[in-house]
Amino acid sequence: MARATRSGTRIDTVVLAACLIASLLGVVLPAPTRHSVAGAVRETFVGPLIALQVQAERARGAFVARDITAARLDSLVLRNAELRDTELENVRLRGLLGLGARLRSGFVAAEALHRPELGSAQTVLITAGARAGVVERSAVVAPEGLVGEVISVEQESSVANLWTHPDFRVSAMSADGKVFGIIAPHQGPDAERFLLELRGVVFRDSLAPGTEIRSSGQGSVFPRGIPIGTVVQDITSSSAYARTYLVRPAVMPADVTVLMVLLPTKSNLESAWKSPVADSITKAIGASAESVTRARRDTSRPDSTRRP
């Protein structure tokens, strides 16, 4: 190693000596000769180095420009997602106004607050209470259908169990009124956590996938005719004494920002959700919600084309 060190020192000394000699020659040589020598040095040694520097600056400029473009695209995607959220909110408000026009009376419109500090994901705070006429065990609905049930009431606010709550139950029927059962939350894995079950259907009755399920009106809480969801499939076990169906809900509680609390005076609401206007609004809300979900997914997706 000592020998390699001495060899490297000699090379450095030689290079330094050559540079000193070139500098002295550049000083003592006549101007024309000095310029010609400088030009030859630039063409042979300095020229390639300058070209490499130019290429490096261009590459750096391209990376900087690409980062700026990517940041602008991210901003546009985020802005687009915000606009879609606003569009969905407008569609829901129009749906709520249309539902109110069809109901005419017997309801209280309010906002739904889903902040975690106000309760679990299975409850929602409603910005209307006893002063507005809300009472316990009132049905909570959205333009698409059933949301939950009021469990406690204050003067200015109330709390409702969403249909995702383990204790939630509602008497239900097929939309044609021929098949009856009890709706309860589906206690499945994460992929199926936001589904419902239609339990207690007698074996002689069967439901095809896509069959609409509504509240039957049996009991004192939920009026007849509120949309609950659609049948996905039969999940009856071999040892069961009644059929059980998996049901896709009409309303995803996390998407609800405005809702209605139905007062106990309502008994039959089938006509409120059977009009062509109601169907078109429900489809519009579903399409807007799907669009917003897709936009949020695109926004949160990492950009694989960015340099690390």
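The values are calculated or read from the model by the stated rules, or taken from the named source; none is laboratory data. These numbers were taken from a predicted model, which means no experiment stands behind them. FYI the Cβ positions are ideal-geometry reconstructions off the backbone, even for glycines, and counts take in every protein chain you see. Accessible surface areas use protein heavy atoms only, side chains included; no ligands, DNA or RNA. Shrake-Rupley method; radii C 1.70, N 1.55, O 1.52, S 1.80 Å.
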- Among the listed residues PRO185, PRO166, PRO143, which satisfies the condition of being of a type outside the set (Lys, Arg) and out of contact with any Pro (no Cβ under 9 Å at 6 or more places or on another chain)? PRO143
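Checking the conditions here, which among VAL150, VAL201 is buried (at least 20 other Cβ atoms within 10 Å of the Cβ) and within 16 Å of TYR245 (Cβ to Cβ)?
Working: VAL150 fails: within 16 Å of TYR245 (Cβ to Cβ).
Selected residue: VAL201, the only one of VAL150, VAL201 that is buried (at least 20 other Cβ atoms within 10 Å of the Cβ) and within 16 Å of TYR245 (Cβ to Cβ).
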- Task: List the number of the failed condition for GLU197; all other conditions in (1) assigned to a strand (DSSP E or B); (2) over 28 Å from the mean Cα position of the chain (by Cα); (3) over 27 Å from ALA109 (Cα atoms) hold.
- Result: (2)
- How many residues are of a type outside the set (Val, Ile, Thr), modelled with pLDDT under 70 and open to solvent by less than 70 Å² (accessible area, probe 1.4 Å) when one looks only at region 71-117? 4
- Those residues of region 204-239 which are open to solvent by less than 40 Å² (accessible area, probe 1.4 Å) and of a type in the set (D, E, K, R), in sequence order: ASP205, ARG214
- Query: Taking GLY188 and the conditions (1) in a loop (DSSP other than H, G, I, E, B); (2) in contact with a His (Cβ under 8 Å, 6 or more places away or on another chain), which numbered condition does it fall short on, given that it satisfies the others?
  - Reply: (2)
